[in-house]
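One structure is given below, encoded as structure tokens.
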Amino acid sequence: MKYALELKKLKKIYKKKFCAIESINLTVQVGDFYALLGPNGAGKSTIIGIISSLIKKSSGIVKIFGEDIDKSPFSYKRKIGLVPQEFNFSPFETVKQIVINQAGYYGISKNVAIIRAEKYLSQLDLWDYRNKPARMLSGGMKRRLMIARALMHKPQLLILDEPTAGKLK
């Protein structure tokens with residue numbers, strides 16, 4: 001069976017010999033919703049960072065739809081949409097432009113990007129703010145903006161780090 005996500009004996013040790021995660025095994029079937037729960041410092045964001053290649057693992061195997069991320073480091077990234085814990089966009093850009101800009105990373109034409117941006121902004125109740133700078137949004141609206149941006153390339157796997165931060169609507 002091909003899983004959406006498969007972790008085998010995943011381990012991360014930081015420089016000072018601090019073991020953030022050790023021997024994590026996890027399989028998530030296609031179509032499933034899965035949550036990593038635990039207290040602060042438990043390693044949830046580290047696991048997400050490894051899956052999305054923002055953090056280098058110490059050992060173990062990570063597969064996205066059957067692809068080992070070490071063997072196909074570029075193709076699997078197109079399959080993932082990531083909503084990070086921290087806001088990472090310019091507060092001075094317009095809401096719509098932030099979503100459209102994401103398309104450039106995936107070679108999506110401007111026309112398609114505009115159509116998708118309008119669709120996601122509408123679905124996520126951000127349409128009325130599309131021409132306003134992102135700094136005008138509440139915390140929950142900024143979280144929804146990041147979801148719209150993560151959906152731009154139509155990922156097969158959507159990963160949200162602290163999705164309820166800022167109280168999603």
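The values are calculated or read from the model by the stated rules, or taken from the named source; none is laboratory data. Small disclaimer: the values here were computed from a predicted structure and weren't measured. Note that we place each Cβ from the backbone using ideal geometry, even for glycine, and neighbour counts take in every protein chain shown.
Taking region 2-116 and the strands (runs of 3 or more DSSP E) fully enclosed by it, the elements with 2 or more residues that are surrounded by fewer than 16 Cβ atoms within 10 Å (Cβ to Cβ) are at 5-13, 19-28, 59-64. Among the residues of region 143-156, those identified as in a helix (DSSP H, G or I) and closer than 20 Å to Ile115 by Cα are Arg144, Leu145, Met146, Ile147, Ala148, Arg149, Ala150, Leu151.
When restricted to residues that are modelled with pLDDT under 95 and either in a loop (DSSP other than H, G, I, E, B) or in contact with an Asp or Glu (Cβ under 8 Å, 6 or more places away or on another chain) (or both), region 124-140 contains 1. Taking into account only those residues within region 1-54 that are modelled with pLDDT of 90 or more and of a type in the set (D, E, K, R), which is nearest to Thr164 (Cα to Cα)? My answer is Lys44.
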